[in-house]
Amino acid sequence: MEERLHQGRIFSLLIILFLLAWTGNTARAIRQDLNPGSAHKAPPATPTPTPGPENEKPIVARVYFTSREDMDQLAAQLDVWEVHPIEHYLVAHLTPQEYQSLQKAGYRIEVDLGKTSLLSQVRLLASTQSGGIPGFPCYRTVEETYQAMESLAAQYPNLASLIQYGSSWDQITPGGPDGYPLYALRLNHPSNSGPKPEFFLMAEIHAREYTTAETALRFAEHLLKNYGVDPDVTWLLDQYQIDIGPMTNPDGRKYAEQGEYWRKNTDNTQGCSDFPEFGTDLNRNSTFHWGGASNGPCSETYQGPSAGSEPETQALQNYIQGLFPNRSRPGDEVPVPADTSGLMITLHSYSQLVLWPYGFRSSPAPDASSLAALGRKLAFFNHYTPEQAYSLYAVSGSTDDWAYGTLGIAAYTIEMGTDFFESCSTFESTVYPDNGEALLYALKAARRPYQEPGGPDVLNLRVLSAGEGSGKVYKLTAALDDTRFSSVNGSEPTQPITAAEISIDAPSWITATAAITYPMSAIDGSFDQNIELVQATIDAGSLPPGRHLVFVRGQDSSGAWGLPSAIFLDPYQIYDPFVLYR
Ligand code: 0X9
Ligand code: ZN
């Protein structure tokens, strides 16, 4: 009898292990599934035990939809984690009530046992862990992030300052947790006082998206550590203003750090006070086309009682409004002027996507083709799928739609990685490096995000010593490459390179310092290819003493000048722009 029980237990264990392995595989298939035309097939239908009405705990499950409209309606109400359009299901976190009403409505639902088991996993601080989220030492907590931001401002007083742009819901609401100030770091060298292109990077508006805040903070650290070391980082900090808000929803993040899959803020006065279901989804609460998401205050996509009702939304919108030139247009169909400056990115997770507005409707934004060009460029770096936000599912009241729709800002969402609580090993090996390089490109693109990403990238810069002239003579070579776009979901036209030029000590558009440009020549004798090697000889005899930066940029046959890259004019320098680790 005991023997049979024992065998029975081993058998059940084997089934559970099999199911866990199977659900693990589905996570890796997300990216393929999101790519229309992908040959990926669903794993063979495996019968999964379905909880009965007695189930009282939340689950994560596949919910099969019948049409795009059906999918949009589900996404407006449910906590959707993944969308698999080809296989017609989404993966959602369901409360017992949601599960029951979907079942009643006739939906096919398959429980994801692996993901469901993670919901209640208790995570402890490893004895070796001295900081970070329990079980995830690579992700700094709210307090550690704020501490790091303060230290950066103290360590780099000429380059960084800490800005409080608002207060969290808990901070302004009596009773309950203390809440937090809302902080951003501003990076900006005072050397050039003219109006500067703005780059705004924000993260963690959804509390549980661990990778996002750490990425934003590390990006700030990377820039500060490399001022004067990395040529591009140096001039970008001189010429641009960079604002970074790594924790835009700190109250919610505190719950997420305790292992809750917390998404919203912690406002519990809108008709839902049940833990862990209260709160307003801050990515449904912005004031542009607000009102298409859930009005159930316990729903994970609760849009709030009114547009911009939440203090985090108000503070963020006011802050962003103060950073960028206002390019408001009547209605939703008027494009912004092509030379509009400024770029913002809101980091989310997960699903490996680069998204651009609009998300609230299917028809493309008036600037869709330029938004797509930069989106495909960013996707070249992080290897994600580029698409209009609506392609994922319809979303109203999102930050990026508001920023683009109201102010004309080129605004992107990057859905990072493959999990909310991404393992530290995946974060370190892939998620951070891939996205860090995309962010370096995005930062550079902030001056003319609607124009310059179409032009060629400047890569592989080399300075050689070419002997003595009136002073030192240097030979500079580089590769101009017009082809670096993701061609998933369409493609970006590429053209032959037609010209290249250098300027010394300032990018060519800085007329205040009278940047003089000099033409470069094609090494093979003619400008006629989409990837062209170029060169110039520089006699440093005429330059003032000291260290010099040389800027290179190229033009393609569409007339587009691309983004410049710079290199220090010292002998035997080698520089590969957009590489995060050197
Ligand atoms: O649903 C969301 O808010 C985003 N996905 S997440 O898993 N991070 O919650 C997607 C938003 C897509 N739409 C826009 N960016 N407009
Ligand atoms: Zn999110």
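Read-outs throughout are calculated quantities, based only on the coordinates presented, and are distinct from any laboratory measurement. These numbers were taken from a predicted model, which means no experiment stands behind them. Ideal geometry is used to build each Cβ from the backbone, glycine not excepted, and the neighbour counts take in all protein chains shown.
Side notes on the structure shown:
- The Cβ shell under 9 Å around Ile409 holds other residues with a net charge of -1, Lys and Arg each +1, Asp and Glu each -1.
- Euclidean distance between Cα centres, segment 95-161 to segment 346-361, Å: 19 Å
- Fully extending the segment from Gln314 to Ile86, taken as 0.36 nm per residue of separation minus the present Cα-Cα distance, adds 78.3 nm.
- In this Cβ point-charge picture (+1 for Lys and Arg, -1 for Asp and Glu), segment 350-425 has a dipole of about 220 debye about its Cα centre.
- Reducing segment 489-558 and segment 215-277 to their Cα centroids gives an inter-centroid distance of 36 Å.
- Among Gln97, Met520, Leu162 the positive-end extreme of the charge dipole of the chain (Cβ point charges): Met520
- Here the mean projected area of the convex hull built on the C-alpha positions of segment 436-582 is 9.5 nm².
- Share, in percent, of DSSP beta bridges within the chain that are antiparallel, nearest 5: 75 percent
- Computed over segment 316-400, Kirkwood Rh from alpha-carbon pairs, angstrom: 13.9 Å
- Calculated from backbone phi, Karplus (6.51, -1.76, 1.60) coupling profile of segment 219-230 in Hz, x at Gly/Pro: 5, 4, 5, 4, 5, 5, 5, 9, 5, x, 10, 9
- Environment charge at Ala499 (Cβ cut-off 13 Å; Lys +1, Arg +1, Asp -1, Glu -1): -4
- Debye, to nearest 20: dipole size of segment 148-286, +1 on Lys, Arg Cβ, -1 on Asp, Glu Cβ: 220 debye
- To the nearest ten degrees, helix 432-445 and the longest principal axis of the Cα atoms of the chain are 50 degrees apart.
- Selection from Pro85, Leu563, Pro195, by position along the positive dipole direction of the chain (Cβ): Leu563
- Dipole magnitude (debye, nearest 20) for the chain, charges at Cβ of Lys, Arg, Asp, Glu: 360 debye
- Only helices enter this figure: runs of n ≥ 4 DSSP H residues, each worth -39500 (n - 2.57), summed and divided by the residues of the chain, yield -8500 deg cm²/dmol at 222 nm to the nearest 500.
- Projecting the Cα atoms of Pro507, Gln529, Thr66 onto the charge dipole of the chain (Cβ charges, centred on the Cα centre) puts Gln529 farthest toward the positive pole.
- Extension gain from Ser542 to His383, taking 0.36 nm per residue of separation minus the Cα-Cα distance: 52.8 nm
- Restriction of the chymotrypsin sites (Phe, Trp or Tyr not before Pro) in segment 517-572 to DSSP coil positions whose beta-carbon has at most 13 other beta-carbons within 10 angstrom yields Tyr572.
- The stretch between Lys57 and Tyr518 holds 159.1 nm of extra length on full extension. This uses 0.36 nm per residue minus the Cα-Cα distance.
- Residues Val463, Val473 in ascending order of nearby Cβ atoms (within 10 Å, fewest first): Val473, Val463.
- Sites Val579 and Val122 - FRET efficiency at Förster radius 35 Å, r taken between beta-carbons, to 0.05: 0.30
- Distance violations [Cα-Cα > 21 Å] among Lys196/Lys475; Lys225/Lys444; Lys444/Lys472: Lys196/Lys475; Lys444/Lys472
- Descending Cα extents along the principal axes, the chain, whole Å: 95, 55, 53
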